[in-house]
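Report on one structure; see the data block that follows.
A short reminder: the numbers here are calculations on the coordinates, not readings from a lab. Values in this document were obtained by computation on a predicted structure and should not be read as measured data. We place every Cβ from the backbone using ideal geometry, glycine too, and count neighbours over all the protein chains shown.
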Amino acid sequence: MHQTVTKPTNSTRRWSVLAIVVAAQFMFGVDAFIVNVAIPTIAVDLHATPAQIESVIAIYLIAYATLVVTGGRLGDIHGTRNVFLAGVLGFTATSLWCGLAQSGMELIVARLAQGATAALMVPQVLATLHLLFTDGQRNRAFAIYGIVLGLAGAAGFLLGGLLVTLDLAGTGWRAVFFVNVPCGLAIAGAAWRIMPSMPRRSGTKLDIKGSVTLFAGLLCLIGPLLLGHDVGWAPGLWALMAVGAAILAAFPRLEHAVARSGGMPLIDLTLLSDAAFLRGLGAVFFFFVANLSFYLVITLFMQRGLKIPPLTAGLSCMPLALAFVVASRHSGARAKHRGAKVLIEGCVLQIAGLAALALVVVDVDAPAPIALALTMGIFGYGQGLVMAPLSGVVLSTVKPVAAGSASGMYGTTAQIGNAAGVATIGAVFFAVETLQSARAGFLVSLALFAVFIMICVAFLSWMRPASARS
């Protein structure tokens, strides 16, 4: 049985709905960056270990990545509006829990729950835009969505440093989570009043086995990387990682079994035979391995190694975020004509920014924040050239009927890359910092970022037709 669809009665109301769902996306985007700025202060206040520091970020990404496709399916089953409201209210409640956490372990559990609720909220944003804007205003709506995504990073850096520095009512770092509470309640209230009901897709089923298996496999594979530093890389960790790898290797077979039994697999199985798409996912994974982990490492280096205050550290990242927004504005149009070549150029520019940043750190004992900011701007511009058109290039070979599933796989792969990067490069940074210094850990991390971006370039080149490479 289908749900009755209530369309917005006028154009003004439609744009109001756009404002509501984009505000939720903005809150989610800000949260990803605001925590990075606050993480050194959190570590000191909660006496968190290196493993717990990484886990605060990575567990959130793992929960989101493994459940975001499920969140999209739930929107199809129960209606986009209903699941969006549940996600916003859940995200608000878990943000409050994060702010009230009294230990590193409690914060990790709260972040796990926060990532799960984000996976309910975020898929409904694009679904709502897709359903409401079917006319000539569609490009404008998605342009606004893209700009908000870029601005969320800049806002996260600035707001994180500001809230930690102001120490509002003695809340300190906790304010970076508490800020979501009034915002989330306002978004939920507005959505309840004016967001229209959306159609449910008949026959849609939820692949619970697939969701649980994917989550378990990723947790077993990535979790030990988070714990390694604290337990001295005990042999049991490597065994657990092997179990995780085996679970993930068996995941496609499970999905085929679900399909044979008449169920609806978590992923569209036809995509597993699309070589160009799979190569594109390889590029996505390695690109995002060097994404959030970069912000974690630069924040730790500035605050722990150079003793730069949180607000100054946040402001130092602003040129990077703004350069990202500028590059994002025009990279999409260029990619339409030049395809993956534009992305490769962006990757090369990122590597140049990493090299410039390394030179500043090597040549100057205590580099000024402005010097770090300018070199990070190069990296941010290159990142913007890649990230904005990356999804379009990767999904270009996918048939329209599989577009929804392919988009879900893209988003899942991106967040898995983010989590894997935080776990692996974070572990390397802390290990080298313990043996030598934060400066040495930062330089080794920069080298790893460059390696992962070069692997991304290799996958992008592999995607391009032979005629385009010649």
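Assorted remarks:
- Residue order, fewest to most beta carbons within 10 Å, for SER316, SER461: SER461, SER316
- Least to most buried among PHE286, PHE84 (fewest other Cβ within 10 Å first): PHE286, PHE84
- Proximal aspartates and glutamates to LYS209, defined as alpha-carbon separation beneath 19 angstrom and excluding residues fewer than eight positions away on the same chain: ASP76, GLU255, ASP268
- When Rg and the Kirkwood Rh are both derived from Cα coordinates, the Rg/Rh ratio for the chain amounts to 0.95.
- The chain: angle of helix 208-231 to the longest principal axis, Cα-based, in degrees nearest 10: 0 degrees
- Remark: the chain carries a charge dipole of roughly 1620 debye about the Cα centre, counting +1 on each Lys and Arg Cβ and -1 on each Asp and Glu Cβ.
- Under a model in which nothing but the beta-carbon of Lys, Arg (+1) and Asp, Glu (-1) is charged, segment 1-204 shows a dipole of about 940 debye around its Cα centre.
- Against the chain, whose longest principal axis is taken from its Cα atoms, helix 104-121 shows a tilt of about 30°.
- Spatially proximal aspartates and glutamates relative to LYS307 (Cα-Cα < 19 Å; intrachain offsets below 8 disregarded): ASP45, ASP167, ASP363, ASP365, GLU433
- Nearest-ten-degree value, helix 340-363 long axis tilted from longest Cα axis of the chain: 20 degrees
- Inverting the pair-averaged 1/r between distinct Cα atoms of segment 240-379 gives 18.5 Å as its Kirkwood hydrodynamic radius.
- Evaluated at q = 0.10, 0.16 Å⁻¹: base-10 log I(q)/I(0), Debye formula over Cα of segment 1-204: -0.43, -1.00
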